[in-house]
Amino acid sequence: MAPVTPLDVHAVPPGTQTGPGSPARLVQDAAAHVFNARNAAGYSAQVLLGVTAVAAKVSRCTRPFTGATPGELKSRVDAVDLGTPLGDTAAALEELEDVYLRDAVYFHDAKYAAHLNCPVVIPALVAEAVLSAVNSSLDTWDQSAGATMIERRLISWAAGQLGLGDSADGVFTSGGSQSNFQALLLARNQTVEWLKLDPEHDGLRLPSLLEKLRIFTSADSHFSIRKSASMLGLGYDAVVSVPCGKDHRMEPAALARELARVRNEGLVPMAVVATAGTTDFGAIDPLDELAAAAREHGAWFHVDAAYGGGLMVSGRHRHLLEGVHRADSVTVDFHKTFFQPVSSSALLVRDAATFRHVTYHADYLNPAAAVDRPNQVDKSIQTTRRFDALKLWLTLRIMGAEAIGVLFDEAIDLASSVAEVLAADPDFELAAPPQLSTLVFRYRPLQPDGRSLSEDAADRLNRDIRSAVFASGEAVVAGTTVAGRHYLKFTLLNAEAGVEDIHGIIELLRTTGASLLADAAVSA
Ligand SMILES: *Cc1c(COP(=O)(O)O)cnc(C)c1O
């Protein structure tokens, strides 16, 4: 078939030639794929095909992964001829089974226990179908209408749960990294604004002001804090890493020491970033004490609750967030502990006025003259933005917040039961008691001669166990380092998984480890 250029289309008056391959027929065929009133029946039939394929897949799934290698999947994906469309949804879904669905990593499986990915709740999946079809964009009122009101209502609900006060506000973001970045952007601009009013810094040019700013966060905080400092023009060195105690929580006394040191050097504490649920240990920094220290030094107090945010709806563990109400800003990832599909996160702030730091009036979009319109772009670093809030809305309207809290509480309970199993097992070492729903541990059995495996050998062995188990597809676990040593990690967010499921993973890790050790002994 000859390629059709726009010129060809214009050369033939519409409707004068309608045979296969004719310009008019091409337009007609393409138009059949557009979501609109005429194609509404086709839309629901085709989406149903996709949803049915996923449902069939999930109901037959017996393990989290197949162990497919990057090479295998690359060659299968590369073999698809993108120049030859299949023209048929069922055929494309069949092909998708080959290039994606069969070998995807399934987070709903009880033996997926690796990263902070959750099994997702069905109300949110219903919302995904609705929000992507209607396709509202949350930047302006005139592209969203009620969607803006729903997002605003959820923001005030979440701010209320956290106790951020009457002037609180917030905005949905793409994830915790973006929420943290925006929080630090607000903190930086707020600090610069304040410094410019200070006679001591009067007349200093912006670069020399930025050079003075310091961010305090624990050694265990998320890497997005350091990355944000770099993206904000402050550099990695602007981040002061505050030591943690044995429980992996930031030590208030160490923070006080670092704040005093930095002030003595004539530098400016821009922000204190606490973590409510560290990615490895689920540790929650002592929020009340850190808030007090931040306030004393005039620093912005940000709480990264990307992981621990779900505690706000927990029936039994809500108290762990004690002190979060004192934050200037809070990151919450609904796509972690609210069981929402990626992506769904929010940045909440104590003072709505601080969003002025990201407000820009563009004539074509949100002119200053139209400030009476609720344009969410005034608070966001994104412009066109998905209506992710609808997922949380339908989740709250169908299940309710309490049910979400129950799911998270189950995961927390599971982690403490599994911790007992690991602590009682002489072949395994637990790095620390669980604080939320993660467990950091390693396989380190006694040797036949009664001695324990050397640190270096244990490092190699645990790394190899993780790779071997991933390649088998029988289970997926994470890895991390603690004081330079390699450990394995379970992140448990599946309320459906029981101790026996995780016990199954532990046995798999043990037999894999034992056979790796036996192989090494033979080849030594
Ligand atoms: C996951 C996580 C983040 C990053 O969130 P994304 O949604 O992956 O961008 C930030 N902080 C903590 C503590 C996290 O666990």
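The values are calculated or read from the model by the stated rules, or taken from the named source; none is laboratory data. Computed from a prediction, not measured in an experiment: that's the story for all the values here. Neighbour counts are summed over all protein chains in view; Cβ atoms, including those assigned to glycine, are modelled from backbone coordinates with ideal geometry. Accessible surface areas use protein heavy atoms only, side chains included; no ligands, DNA or RNA. Shrake-Rupley method; radii C 1.70, N 1.55, O 1.52, S 1.80 Å.
Using a Förster distance of 45 angstrom, determine the FRET efficiency expected from the C-beta separation of residue 149 and residue 455, and round it to 0.05.
Values: r = 57 Å, r/R0 = 1.27.
For residue 149 and residue 455, the calculated efficiency is 0.20.
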Using label points projected 7 Å from each Cα along Cα→Cβ, tell me how many nm separate residue 236 and residue 81, to one decimal.
4.8
What stretch of the chain, leaving out the sites themselves, is the longest with no trypsin sites (Lys or Arg not before Pro) in a DSSP loop having at most 15 other Cβ atoms within 10 Å?
317-450
Where both residues lie in segment 139-275, what percent of DSSP beta bridges are antiparallel, nearest 5?
10
Answer rounded, prolate or oblate for the chain, using the Cα gyration tensor with square roots of eigenvalues a ≥ b ≥ c: rounded when a/c is under 1.5, else prolate when a/b is larger than b/c, else oblate.
oblate
Tell me the label-point distance for the pair residue 264, residue 62, using the 7 Å Cα-to-Cβ offset, in nm and rounded to one decimal.
6.6
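Would you mind calculating the gained length between residue 35 and residue 524 on full extension (0.36 nm times residue separation, minus the Cα-Cα distance), in nm to one decimal?
On the way: separation 489, 0.36 × 489 = 176.04 nm, distance 6.45 nm.
Working it through step by step, the gained length comes to 169.6 nm.
Would you mind getting the accessible area per residue of the chain, heavy atoms of the protein chains only, 1.4 Å probe, in Å²?
Values: 24880 Å² over 524 residues.
Result: 47 Å² of accessible area for each residue.
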Pop a pseudo-label 7 angstrom from the Cα along the beta-carbon direction at both residue 134 and residue 166 and give the gap in nm to one decimal.
3.2
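Hydropathy first: keep DSSP H helices in the chain averaging at least -0.5 on Kyte-Doolittle, then drop any whose Cα extent along the axis falls short of 15 Å, and list what survives. Don't skip to the end; give the middle numbers.
Details: long enough: 40-60 (30 Å, 0.90); 122-134 (18 Å, 2.00); 146-162 (24 Å, 0.28); 176-197 (32 Å, -0.15); 252-264 (18 Å, -0.24); 401-423 (33 Å, 1.18); 455-472 (26 Å, -0.56); 499-523 (36 Å, 0.75).
What comes out of the filter, once short or polar helices are dropped, is 40-60, 122-134, 146-162, 176-197, 252-264, 401-423, 499-523.
Is the shape of segment 136-398 rounded, prolate or oblate, going by the alpha carbon gyration tensor and its root eigenvalues a ≥ b ≥ c, with a/c under 1.5 for rounded and a/b larger than b/c for prolate? List each step's numbers first, then the result.
Values: a/c = 2.08, a/b = 1.20, b/c = 1.73.
Judged from the Cα gyration tensor, segment 136-398 comes out oblate (a/c at least 1.5, b/c at or above a/b).
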Need one word for segment 78-157: rounded, prolate or oblate. Basis is the Cα gyration tensor (sqrt eigenvalues a ≥ b ≥ c); a/c below 1.5 gives rounded, then a/b vs b/c decides.
oblate
Quick one: putting +1 on the C-beta of Lys and Arg, -1 on the C-beta of Asp and Glu, what dipole do you get for the chain around its Cα centre, in Debye to the nearest 20?
560
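Using alpha-carbon pairs under 8 Å, 6+ residues apart, how would you state the relative contact order of segment 403-523 in percent? Walk me through the numbers before you get to the answer.
On the way: 163 pairs, mean separation 32.4, N = 121.
About 27 percent, as a whole number.
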Taking every other residue with Cβ under 12 Å from the Cβ of residue 347 and scoring Lys and Arg +1, Asp and Glu -1, one gets -2
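Give me the percent of DSSP beta bridges within the chain that run antiparallel, rounded to the nearest 5. Could the numbers behind the result be given before it?
Numbers: 25 of 45 bridges.
Here the share of antiparallel DSSP bridges comes out near 55 percent.
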How high is the relative contact order of segment 136-398, in percent, with contacts defined as C-alpha pairs under 8 Å that are six or more residues apart?
28
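Considering only protein heavy atoms and a 1.4 Å probe, what is the carbon-and-sulfur percentage of the accessible area of the chain?
Values: 14020 of 24880 Å².
Carbon and sulfur atoms account for 56 percent of the accessible area of the chain.
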One finds the C-alpha centres of segment 281-350 and segment 92-169 to be spaced, in Å, by 20
Taking 0.36 nm per intervening residue step and subtracting the Cα-Cα distance, what contour gain separates residue 342 from residue 17 on full extension?
112.4 nm
Extension reserve of the residue 363-residue 209 stretch, reckoned as 0.36 nm per residue once the Cα distance is removed
52.3 nm
